[in-house]
Amino acid sequence: MASARDFAESAERQDVRRRWALLSPALVIIFFAAVGPLFIMLVYSFLQKGDYGGVRWAFSTDGWFSVFFQRDIFDDTLSFADAHISILWRSVRLSLMTTLFTFLLGFPTAYFIATRPEKSRDIWLFLITIPFWTNLLIRTFAMQEVIRNEGVINTALLWLGIVDQPIQIMYTDKAILFGMLYVYLPLMVLPLYASLEKLDFRLVEAAYDLYATRFQVLRRVIMPLVKPGIIAGSILVFIPSLGAYVTPRVLGGGKNLMLGNLIELQFGQGRNWPLGAALSMTLLALVMVALLIYARQAQSRSLRHG
Amino acid sequence: MTGDIVPEKPVRDAIEVRGVSKIFGAGEGRVAALDDVSVSIRENEFFTLLGPSGCGKTTLLRLIAGFDFPTSGQIMLHGEDIAPLPPFKRPVNTVFQNYALFPHMTVAQNIGFGLEMLGRPKAEIEARVAAMLKLVQMEKLAGRRTSQISGGQQQRVALARALAPAPKVLLLDEPLSALDFKLRKEMQIELKRLQHETGITFIFVTHDQEEALTMSDRIAVMSSGRILQVGGPRDIYDHPAERFVANFIGDTNFLPATVLSSAGGKARVKLASGIEIDAPLPAGFTPGSEVTVVVRPEHARLMREASTLNGTVENVVYFGTDTHFHVALDQGRGFVVRQQNARSGEAGVSAGDRVGIFVGDGAAQVLKD
Ligand SMILES: Nc1ncnc2c1ncn2[C@@H]1O[C@H](COP(=O)(O)OP(=O)(O)O)[C@@H](O)[C@H]1O
Ligand SMILES: [Mg+2]
């Protein structure tokens, strides 16, 4: 009998060992691609900056300090780092707007695809993913071609006589918004489509039958049922928007920085790696807070419905 | 028609379907789901569309509800063409085949949805929802999610949800087909009661002939997109006009016969055995026509002596309440006689016995084709 138990125990041990062995590729990836780099960033944010970039291995909170405050060069008075905070605010604002606009554009798109006959849906989805085939930088330059003063939009508007001066879109927040909208739209459409495709359209008919108008059907039946898709799409768009780098760099010119550019600046010309690291961690914290708020809400809602 | 008994009900049309056709697809894949269907459904009646799967029952309901549009023809509600009305403007509600309850709402929210969409005041909605919950005996489960209740309960909620806005016409698409036998029997009675209490016109779809016979005021028998016969349950059962109707509803014996004379919907026909009987017959037959007559198994009587038809008993099948005698007629056909089992047990006839089968005047019916 004891031997049977021994056998069972050793089998279990073996089982546990095998499980770890099978998990190891994932663990390696998680460690080297996610936890490791983050840890390095965290450490760097608490070091002193080197004179020519890099870090000096001595503890310092200067990096974190200058995320939010700045010291006057002449009289040493402390003040809020207005520039950083306005960049932070612009990043959050533009990302929220990008999320909103990708949703407003992406929802009808996804709905359209989901209501096509099954055979043609794949073609539509394929078309949605085509932009991914091209490098982001090239796509962004293409966008520039569309919105610049001599670009497609302005030429058309001038030719139609709608405006008599080209509209300045390049190098404004609008340009960044345009660019991000274009880049992140598929990330909104795909999860929305995944949800809409699973939607039971008989429920839509049931709602029509019960005197709901088209708008009421949308708001009371379709939206609540595809909420997981809306949330997934919003997260997928909001998070990379917050850290966007290429788009604001190319379309926003030098002035309209976003958080990603600010961070890049610290690692490049700014030669302030600890500040760059601290800014990165701030960005990470922002994202975490956003996700936490969402998780908290989702949880309390599911609790309420029990 | 003769056996059509609809007592004390105002004879006004709730729904009138006029020459409606519905074609799906084109070319190779063209399907005529409805083919020139005309039928009038009276106010306050329990009307049933009966037919095998794929005959176009759901399609007809969807046209009435407004989810689809007829390829040709008109649908009138209380005398007005409803073609221009979208589904949310038609005073018609549907109990869907799969119930289609909103999974993100509670039972009470589901029931209140229609009234809410109609913009009724909150107090009225609450009162009405409470009344509906009581009507379908679901008070205790008002706060449950629809995914947390059984199939039978879902069925009740679907019913309450469709009844809550007090529609003029209620459409029910095979509402009982997903329920098990016992529950189905209960719900049949329940539905009948609800129809009686609310006075709403019910258009009920089923492929179950027994269900149709027990519940309906009138039945329309459908096949391949056409309505073959409309009438009361007795009418349809006792006087099927076509072979399909006779075959689809109940067990039937078919016999070849020749018309001798006809007058006033009655005919004298001569069976293959040489015996003459009286049978009702549809218009359009002249003496000498070769016809088919149908005789229900329970309308014939087994005799010891020679009778209308004669043959040899092949098989005796005991069913508890009754017994089926399979008889090989002398003319070479099979014929089934059903007899209720008497208290005394044994019918006294067994396989191999010579028997006569008595078919009285009026027990047979001449078919149209
Ligand atoms: N949307 C549709 N497209 C093509 N054919 C359809 C459609 N809906 C129904 N049909 C066809 O119409 C016929 C009748 O269908 P239906 O009304 O659902 O029958 P029932 O409800 O009596 O089973 C069937 O042959 C079915 O295949
Ligand atoms: Mg059907």
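Numbers below:
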quantity: Neighbouring partner chain Cβ atoms per residue of A:224-232, average, 10 Å criterion; calculated: 1
quantity: Mean Cα-pair separation over length for the range B:237-291, i.e. relative contact order, pairs under 8 Å, 6 or more apart, %; calculated: 31 percent
quantity: The range B:1-128 - accessible surface per residue (Å², probe 1.4 Å); calculated: 46 Å²
quantity: P(r) tail fraction, chain B - alpha-carbon pairs more than 41 Å apart, %; calculated: 25 percent
quantity: Accessible area (Å², 1.4 Å probe, nearest 10) - A:Met258; calculated: 0 Å²
quantity: Sites B:Arg333 and A:Ile231, calculated FRET efficiency, Cβ-Cβ separation with R0 60 Å, nearest 0.05; calculated: 0.30
quantity: Amide N proximity, the range B:61-91 versus B:Leu118 label position 7 Å along Cα-to-Cβ, cut-off under 15 Å; calculated: B:88-91
quantity: Per-residue average of Cβ from other chains inside 10 Å of B:98-107; calculated: 4
quantity: Positive-end extreme of charge dipole, the protein assembly as shown - chosen from A:Val237, B:Val336, B:Ile200 (charges on Cβ); calculated: A:Val237
quantity: Loop GluC sites (Glu not before Pro), the range B:286-357, which have at most 15 other Cβ atoms in a 10 Å radius of their Cβ (DSSP); calculated: B:Glu305, B:Glu346
quantity: Cα gyration tensor shape for the range A:2-79, rounded if a/c is under 1.5, else prolate or oblate; calculated: prolate
quantity: Point-charge dipole on Cβ atoms (K/R +1, D/E -1) for the protein assembly as shown, about Cα centre, debye to 20; calculated: 1600 debye
quantity: Euclidean distance between Cα centres, the range A:185-210 to the range A:1-29, Å; calculated: 44 Å
quantity: Summed side-chain charge close to A:Arg202 - residues other than A:Arg202 whose Cβ falls under 12 Å, Lys, Arg +1, Asp, Glu -1; calculated: -3
quantity: Cα Rg, Dmax (largest Cα-Cα span) when computed across the range B:130-196, Å; calculated: 11.6, 31
quantity: Alpha-carbon centroids, the range A:33-110 and the range B:237-288: separation in whole Å; calculated: 93 Å
quantity: Peptide A:196-208 - average C-beta neighbours from other chains (10 Å radius); calculated: 5
quantity: Label-point gap, in nm, between B:Gln74 and B:Arg144 - each point 7 angstrom along Cα→Cβ; calculated: 4.7 nm
quantity: Candidates B:Leu135, B:Leu49, B:Leu34: whichever shows maximal mean-square fluctuation once chain B is modelled as a Gaussian network with Cα springs under 10 Å; calculated: B:Leu135
quantity: Unit charges at the beta carbon, dipole of the range B:236-369: most positive-side option, B:Asn253, B:Gly264, B:Pro280; calculated: B:Gly264
quantity: Peptides ranked, highest mean first, by Cβ atoms within 10 Å: ranges B:74-80, A:143-149, A:234-240; calculated: A:234-240, A:143-149, B:74-80
quantity: Rg/Rh ratio calculated on Cα atoms of the protein assembly as shown (Kirkwood radius); calculated: 1.18
quantity: Heavy atoms of A:Leu137: accessible area, 1.4 Å probe, square angstrom to 10; calculated: 80 Å²
quantity: Extreme residue, positive dipole direction of chain A, given options A:Gly268, A:Pro191, A:Leu284 (C-beta unit charges); calculated: A:Pro191
quantity: Chain A - percent relative contact order, Cα under 8 Å, separation 6 or more; calculated: 26 percent
quantity: Loss of accessible area when A meets B, both sides summed, Å² nearest 100, probe 1.4 Å; calculated: 2100 Å²
quantity: Inter-label distance for A:Asp6 and A:Asp200, nm, one decimal - labels placed 7 Å from Cα along Cα-to-Cβ; calculated: 5.7 nm
quantity: 0 to 90° range, to nearest 10: angle between helix B:122-135 axis and chain B longest Cα axis; calculated: 30 degrees
quantity: Karplus 3J(HN,Hα) series, Hz, for the range A:122-135 with 6.51 cos²θ - 1.76 cosθ + 1.60 (x for Gly, Pro); calculated: 4, 5, 4, 4, 4, 4, 4, 8, 3, x, 5, 6, 9, 4
quantity: Rounded, prolate or oblate (a/c below 1.5 giving rounded, otherwise prolate when a/b exceeds b/c) for the range A:81-304 by Cα gyration tensor; calculated: oblate
quantity: Order by protection proxy (mean Cβ within 10 Å, highest first), peptides A:101-109, A:53-61; calculated: A:101-109, A:53-61
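The values are calculated or read from the model by the stated rules, or taken from the named source; none is laboratory data. Given the structure is predicted, the values throughout are model-derived calculations rather than measurements. Ideal geometry is used to build each Cβ from the backbone, glycine not excepted, and the neighbour counts take in all protein chains shown. To get the accessible areas, we keep the full protein, side chains included, count just its heavy atoms, and leave off ligands, DNA and RNA. Shrake-Rupley method; radii C 1.70, N 1.55, O 1.52, S 1.80 Å.
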